[in-house]
Amino acid sequence: MKEKIAAPVSIIFLWGLILIAITEWYYEYARYYLYVSIAVIIPIMIWNLIKQKKKDKINGTREFQSSIYRMLIMAVVLIIIFYITKQEHIG
């Protein structure tokens, strides 16, 4: 069976390729590219959560609650990884 590549997968793949290209040729701009990425993704996430909450009220599902739990779990994982990889700078 032939599978279609979804638009979000294509966008994430393209974002990654651009990030690799920027870090390869223009390393000093990689941080700013990541800042712009965060500034773009946060409104998209908020819009998606609002849409899920409205859908939950209409259908009586718990999609919004599971999304919040997933975000909290990922935040904890990122904090743990941050403290594991934290390097002590000799000053």
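The values are calculated or read from the model by the stated rules, or taken from the named source; none is laboratory data. Everything numeric here is computed off the predicted structure, so don't read it as measured data. All Cβ positions, glycine included, derive from the backbone under ideal geometry; neighbour counts span all protein chains shown. Side chains included, ligands, DNA and RNA excluded: accessible areas come from the protein's heavy atoms. Shrake-Rupley method; radii C 1.70, N 1.55, O 1.52, S 1.80 Å.
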Which entry is the computed Kirkwood radius over Cα pairs in Å for this structure: [x] 21.6; [y] 18.1; [z] 16.6? [z]
Given the protein chains as shown and a 1.4 Å probe, how many square angstrom of MET71 are accessible, to the nearest 10? 70 Å²
So, over other residues within a Cβ distance under 13 Å of TRP47, counting Lys, Arg +1 and Asp, Glu -1, the net charge is +4
How tilted is helix 63-85 with respect to the longest principal axis of the chain? Cα atoms for both, answer in degrees (0 to 90, nearest 10). 20 degrees
Quick check for the chain: number of Lys pairs with alpha-carbon distance under 30 Å, counting only pairs 8 or more apart or on different chains? 4
If I ignore ligands, DNA and RNA and count only protein heavy atoms, how much of GLU24 is accessible to a 1.4 Å probe, in Å² to the nearest 10? 130 Å²
Between rounded, prolate and oblate, where does the stretch 25-77 land on the alpha carbon gyration tensor, with a ≥ b ≥ c its root eigenvalues, rounded for a/c under 1.5, else prolate if a/b exceeds b/c? oblate
